[in-house]
Amino acid sequence: MKKMLSLLMVAALLTTSVFATGSKEAPAAPAPAQAVKEVSHDELVALAKAEGKVVVYATSSRIAKAAEGFTKAYGIEVVSSNLKDFELIEKVSKEAQAGVFGADFVLAQDAGRLVGELIKPGYLYNYIPANLKGVIPANMQDPLQVFAINKVFIYNDENVATSPYTNIWQFADPKYKSLLQFKNPFQEGVNANFLTMCTSPEWSAKIAKAYKSYFGKDIVLTTPNAGYEWIKAIYSNDLIVGTSDTTLAENIGIKGQNAKRSFPPVGLFVFSKARYATSKNLALKPAMAMDPFSGFYYSLYALMTRSAQHPNAAKLFIEYLFTAEGFAPWGDDVGTYSANPNNPIHEDIDFPFAVWQPLLVQEDGQYCFDNRAEVEEFLNQYIY
């Protein structure tokens, strides 16, 4: 069975027509050391307006709305492309290798592939707006995270007073067979990164401890560590593999089904779908007291390209994304959190990221890049 990374490479090659090339050749030299003189905000605005344009590739369709706001604020044209995560990574890589001008910066997810395939070769580099270095949390600065997005265990809470889910090992218990739903990790890199992080020394130790808490005995390993063991166990307990977080939320939240079950259905998907509780009259509530985690979060990273033709406009746009106006296309919804803690959230229906973060597994781009292929090979035994 082929590994997922190979599948993605094939898919990318089949969609070569997506990767239109620019009209000029970029320098073929390796990325230089980024010793950049810092300028004031006003100086940056003047330099950006002189360039008059910025090109951005993003894995979020909301970039178009942000681009409108940026152009309205500064009068600078924005050319934006919304791509799937694997498309963006392949596009940037191919353009850099071919010496072609493409994006000035990217807004992208999938930390593992970004670190290993775009940052390490020097195709992308980190830039932090000078006026935000004391605002953005230190652990979100390299690579620069603009927004965090959480995926959490969400259950059908119709006629359920308190969450029945308190330990991730419940999903390996035959009593809870066929209840947990999760999007296919081979269809979304961040899901594969999450499972990879479960196998890390830090999280596998916590998962082993949670096993003993739930079953009252030490875990006996048949795999490399407790993280692998949990992955094996939930798939063997008939994990329902979906193709869309939206569909998972709708299936789980349908009212009337709890009366026919011993336990309510539950899924691991983006918290933003919790808004369906009102917009679609569904029953959805997060399980926020899970041992050892209640889900995971991934980030959208803003990174400069080596061959940027409008570098100052790109830097100004990155700075803009940290403002309330720049965050608004994402902040209008729940489940997305700005790395600028001064930007507000919907506290009536959501929690600050400072509440969520300790409950969630965080991506480590280097660990994911080094270990994800092995985890995907392991997953092949259970998904195909």
How large is the charge dipole for the stretch 40-79, taken about the Cα centre, if only the Cβ atoms of Lys, Arg (+1) and Asp, Glu (-1) carry charge, to the nearest 20 debye? 220 debye
Determine, for each peptide in 284-296, 220-232, the mean count of other beta carbons within 10 angstrom over its residues, then list the peptides with the highest first. 284-296, 220-232
Out of A339, A308, A98, a Gaussian network model of the chain with alpha-carbon springs under 10 Å gives the largest mean-square fluctuation to A98
Anisotropy class of the stretch 42-133 from Cα gyration tensor, a/c 1.5 cut: prolate
Would the stretch 79-202 count as rounded, prolate or oblate if I go by the C-alpha gyration tensor, calling it rounded below 1.5 in a/c and otherwise prolate when a/b exceeds b/c, oblate otherwise? prolate
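For the stretch 289-377, how big is Rg over Rh, using alpha carbon atoms and the Kirkwood form of Rh?
1.05
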Could you tally the net charge around L284, taking each other residue with its Cβ under 15 Å from the Cβ of L284, Lys/Arg +1 and Asp/Glu -1? 0
From the Cα trace of the stretch 34-74, what convex hull volume per residue do you get, rounded to a whole Å³? 101 Å³
Check: C-alpha center the stretch 108-133 vs C-alpha center the stretch 45-96, spacing in Å is 16 Å
Which one, K255, K273, K37, has the greatest fluctuation when you compute a Gaussian network model over the chain with C-alpha springs under 10 angstrom? K37
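At a temperature of 25 °C and a viscosity of 0.890 mPa s, determine how fast the stretch 200-265 diffuses translationally according to Stokes-Einstein, using the Kirkwood radius over alpha-carbon pairs as Rh; express D in µm²/s, rounded to the nearest whole number.
Diffusion coefficient, whole number: 173 µm²/s.
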Greater than 24 Å separation of Cα atoms is the criterion. Which listed pairs, K206/K232; K175/K260; K65/K315; K212/K285, meet it? K212/K285
For the stretch 27-132, what is the charge dipole size about the Cα centre, in debye to the nearest 20, if Lys and Arg each add +1 at the Cβ and Asp and Glu each add -1 at the Cβ? 120 debye
Would you tally the net charge around A66, using a Cβ to Cβ cut-off of less than 13 Å, leaving A66 out, and scoring K and R as +1, D and E as -1? -1
Once you've got the GNM for the chain with C-alpha springs shorter than 10 Å, pick whichever of M304, M140, M197 has the biggest mean-square fluctuation. M140
Which of L180, A289, G134, positive extreme of dipole for the chain (C-beta unit charges): L180
Considering only L114, Y155, T323, whose Cα is most displaced toward the positive end of the charge dipole of the chain, charges sitting on Cβ of Lys, Arg (+1) and Asp, Glu (-1)? Y155
Along its principal axes, what span do the Cα atoms of the stretch 149-261 show, with the longest given first and each in whole Å? 40, 33, 24
All other residues with a Cβ under 13 Å from the Cβ of T243 taken together, and with Lys, Arg as +1 and Asp, Glu as -1, what is their net charge? -2
Kindly give Rg over Rh for the chain, based on alpha-carbon atoms, with the Kirkwood expression for the hydrodynamic radius. 0.99
Whole-number D in µm² s⁻¹ for the stretch 229-384, Kirkwood Cα-pair radius fed into Stokes-Einstein, 4 °C, 1.567 mPa s: 69 µm²/s
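Rule-based calculations on the coordinates, nothing more; no lab input. The shown structure was predicted, so the numbers you read here are calculated from the model rather than taken from an experiment. Don't worry about glycine lacking a Cβ; one is built from the backbone with ideal geometry, like all the others, and counts go over all protein chains shown.
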